[in-house]
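Here the structure comes first, spelled out in structure tokens, and everything after it is commentary.
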Amino acid sequence: MRFDKPATTNPIDQGKAIGRATPRIDGPMKTTGTAPYAYEHHDATPTPAVGFIVGAGIAKGRVKSLDLRAARAAPGVIAIVTAQNAGKLGKGSKNTAPLLGGPQVDHYHQALAVVVAESFEQARAAAQLVEIRYDAAPGRFDLAAEQPHAPLAKGDGMGGKSETRVGQFETAFAAAPVQLDARYTTPDQSHAMMEPHATIAAWEGRKLTVWTSNQMIDWAVTDLAKTLGIPKQDVHVKSPYIGGGFGGKLFLRADVVLAALGAKAAGRPVKIALPRPFIFNNTTHRPATLQRVRLGADRDGRITAIGHESWSGDLPGGGPETAVAQTRLLYAGEHRYTAMRLAVLDLPEGNAMRAPGEAPGLMALEIAMDEMAEKLGLDPIEFRLRNDTQVDPEKPQRPFSQRRLAECLKTGAERFGWQRRNARPAQVRDGRWLVGMGVAAAFRNNMLMKSRARVRLDAQGRVTVETDMTDIGTGTYTILAQTAAETMGVPLAQVIVRLGDSAFPVSCGSGGQWGANNSTSGVYAACMKLRGLVVQQAGLGDDAAFADGQVRGGGKAVPLSSFAGLVAEDGIEYGDLDKRYQQSTFGGHFVEVAVDAVSGEIRVRRMLAVCAAGRILNPMSARSQIIGAMTMGVGAALMEALHVDVRRGFFVNHDLAGYEVPVHADIPHQDVVFLDETDPISSPMKAKGVGELGICGAAAAVANAVYNATGVRVRDYPLTLDKLLKGLPAVV
């Protein structure tokens, strides 16, 4: 199905299944422990051996010698694989560094060997006996030290430019009667998902099957085949259940490659789960940023010049953190400048984490907007409203398909009681607590990707959906079932959804908040093709209706069970609507905090997000996505930071004891409001995505609330109490 014209009325508009708050159909399996995750496919591989990865103990240099004698002689050891005996390996196109290193070491904890043994304990013990000697080389581990000579990035990683100019930014900024020129920092962050990276690998002759935890099945197949040097058709990837990813499982990682190599060497299936420290230093993370925001405005609060520059770092061949992306689209301003500069760092690979670009970018921009509003003597919401726009600010001839940012902010202000906010900081007390409110805009683009599915009917009138789409805890199983139920006119209980298998048609996968809109559109396309086959076989006309498990028309009703065995496969492909219209999602975050006047301890009291994101396919799971993202925003604001040992080049706090994330006690009541809208320019579903919108701007809303409570402006995340103590108002 080609989507190149705005959607008109279609079966999705009935609203019998789509748009209804629906519990997850996979929920009972997950809550009873019967949903098999990557490490748990005991039925398929009942007696696998276990692999334990040996990671590099330096961040840059070469392996001088690798002594495996003691490890090979250890109890239970079956095989040891290193670069010396693995055979010729390629590198996946989406991997920055080789997943099996040696003799060159590209970063700390890069895999150098895998020890395969009968049990986990034996593999782990033997791995400690591997003796490696290194020739360490000097590395670059400090972004601030590399900032002065970091060049412009080669691009934004999505086919766009690293630098944009509109008008005469420098001249307009210099002439602006009100100016802001401020610098902000965000630290390296970890995905810290619940389920570790894990894989079971099994060979049957030349055919390889891996049960793994991966968000993008086709990407995994392609890069695994390329890495191992085998045909793509010989690789079978299965990932039906994923215990969180947040972008950390978008790409092929060492657990998959080393399990496959270990299984080949051992002659039997092998399972590997990365220990938590490996997840922090062996896989990917959100890169730190240094950001500069310059705003110029007239006395009435109209932005005349807006500039945003960002510096980040990555391994050679890597890409930038696209922290200026939202600034190109969010606010009006005739004269504009954005730039992304990329330093070479020898730290573990930096890559996508929930809302790459916008999440850290808005952490800076939305504080800057508050600071500028204060300079102008304007309410922060009013300042944002005065600089709203209905067209792409860099390409004014290109309108937004839908843009209801102003309504999000106004609705949120009324619901949150914004009128009670004291504009003067540090004026509101509740006992020993200083109380404040903060606001920030939320913004995330709507990305379109091809997505295919296969649907079939059986003798019970059930519809089975098959697609390699993944569910990373977002509710994908349920919204795909809702889509099929709506389109085919059957109850939800009559839909079976099968996901995460490379034997199924290639979908868009999960990431970038593109999953819901595109994957449901692919299922819709397949169902519409199946409807056509049913109508044709039934001898009905184009006005045939599908309802209650039947197809009706011409005075007759035929049960869908009569068409058992009928199969259709199709997918969604897009024309140029996304080029003619800017497609984005919007929101407003509101936060109330209390700060201990003596200790600087911060407590978040209330949070509200008002979102405009097209049709909401399942309000129940969509709300869960937003509050989960808001929670990650609190973490980004107050506690999350990977601390770099700039001498040795690794993340020191590489476990969940040292890398702090929010827990239940940190999170107050969270309220979510979805504006009632559809976007016919987006897709036949008229939906967009919400999975990442909720984190965008949330951290800045917390930071702005802390400033309103205390009068202390912190521009370096996270806002730990040591950054507040010196500036807190005197205790009376």
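The values are calculated or read from the model by the stated rules, or taken from the named source; none is laboratory data. Keep in mind the model is a prediction, meaning the values are calculated, not measured. Here Cβ is always computed from backbone atoms with ideal geometry, including for glycine, and neighbour counts include all displayed protein chains. Protein only, heavy atoms only, side chains kept; ligands, DNA and RNA dropped before computing areas. Shrake-Rupley method; radii C 1.70, N 1.55, O 1.52, S 1.80 Å.
A compact table of results
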quantity: Hits in the stretch 388-417 - residues which are over 22 Å from R302 (Cα atoms) and surrounded by 16 or more Cβ atoms within 10 Å (Cβ to Cβ); calculated: S401, Q402, T411, G412, F416
quantity: Single unsatisfied condition, D234 versus (1) at positive phi; (2) open to solvent by 10 Å² or more (accessible area, probe 1.4 Å); calculated: (1)
quantity: Filter result (out of contact with any Phe, Trp or Tyr (no Cβ under 9 Å at 6 or more places or on another chain) and crowded, with 17+ Cβ neighbours inside 10 Å) within the stretch 205-217; calculated: L208, V210, T212
quantity: Neighbours by Cβ (under 8 Å, 6+ apart or cross-chain): first from the stretch 562-577, over 18 Å from S519 (Cβ atoms) and at pLDDT 95 or above; second among the charged types (D, E, K, R) and assigned to a strand (DSSP E or B); calculated: G565/R456; L566/R456; V567/R454; V567/R456; G575/R2
quantity: Any hit, the stretch 430-445, residues being touching a residue at least 24 places away in the same chain (Cβ under 8 Å), assigned to a loop (DSSP other than H, G, I, E, B) and in contact with a strand residue (DSSP E or B) (Cβ under 8 Å, 6 or more places away or on another chain); calculated: yes
quantity: Residue under evaluation G532, criteria (1) without any contact (Cβ under 8 Å) to a residue 60 or more places away in the chain; (2) open to solvent by less than 20 Å² (accessible area, probe 1.4 Å); (3) more than 23 Å from the chain's Cα centre (by Cα), criterion not met; calculated: (2)
quantity: Residue in the stretch 599-607 that is closer than 27 Å to A325 by Cβ and among the basic types (K, R) present; calculated: no
quantity: Failed condition for D578, given (1) acidic (D, E); (2) more than 24 Å from T483 (Cβ to Cβ); (3) surrounded by fewer than 24 Cβ atoms within 10 Å (Cβ to Cβ); calculated: (2)
quantity: Strands (runs of 3 or more DSSP E) enclosed by the stretch 1-105 - at least 2 residues per element that are in contact with a Pro (Cβ under 6 Å, 6 or more places away or on another chain), open to solvent by 20 Å² or more (accessible area, probe 1.4 Å) and at pLDDT 95 or above; calculated: 61-67
quantity: Some residue of the stretch 343-352 being crowded, with 24+ Cβ neighbours inside 10 Å and in contact with a helix residue (DSSP H, G or I) (Cβ under 6 Å, 6 or more places away or on another chain); calculated: yes
quantity: Close pairs (6 angstrom Cβ cut-off, 6 or more residues apart or separate chains): on the phi > 0 side of the Ramachandran plot in the stretch 92-107, part of a loop (DSSP other than H, G, I, E, B) and open to solvent by 10 Å² or more (accessible area, probe 1.4 Å) anywhere; calculated: G102/A83
quantity: Meets criteria (more than 19 Å from Y184 (Cα to Cα) and under 26 Å from the mean Cα position of the chain (by Cα)) for M353; calculated: yes
quantity: Output for the stretch 106-122, where each listed residue is over 33 Å from the mean Cα position of the chain (by Cα) and surrounded by 21 or more Cβ atoms within 10 Å (Cβ to Cβ); calculated: A117
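Let's see how each residue does on (1) β-branched (V, I, T); (2) open to solvent by less than 50 Å² (accessible area, probe 1.4 Å); (3) under 30 Å from P393 (Cβ atoms); (4) outside any helix (DSSP H, G or I):
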position: Q537; (1), (2), (3), (4): no, no, no, no
position: R552; (1), (2), (3), (4): no, no, no, yes
position: V558; (1), (2), (3), (4): yes, yes, no, yes
position: S562; (1), (2), (3), (4): no, no, no, no
position: G565; (1), (2), (3), (4): no, no, no, yes
position: V593; (1), (2), (3), (4): yes, yes, no, yes
position: G600; (1), (2), (3), (4): no, yes, no, yes
position: R603; (1), (2), (3), (4): no, no, no, yes
position: L608; (1), (2), (3), (4): no, yes, yes, yes
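Here is a yes/no grid of residues against (1) assigned to a loop (DSSP other than H, G, I, E, B); (2) of a type in the set (F, W, Y); (3) open to solvent by 20 Å² or more (accessible area, probe 1.4 Å):
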| position | (1), (2), (3) |
| --- | --- |
| R648 | yes, no, yes |
| G658 | yes, no, yes |
| E677 | yes, no, no |
| P684 | yes, no, no |
| G694 | no, no, no |
| A701 | no, no, no |
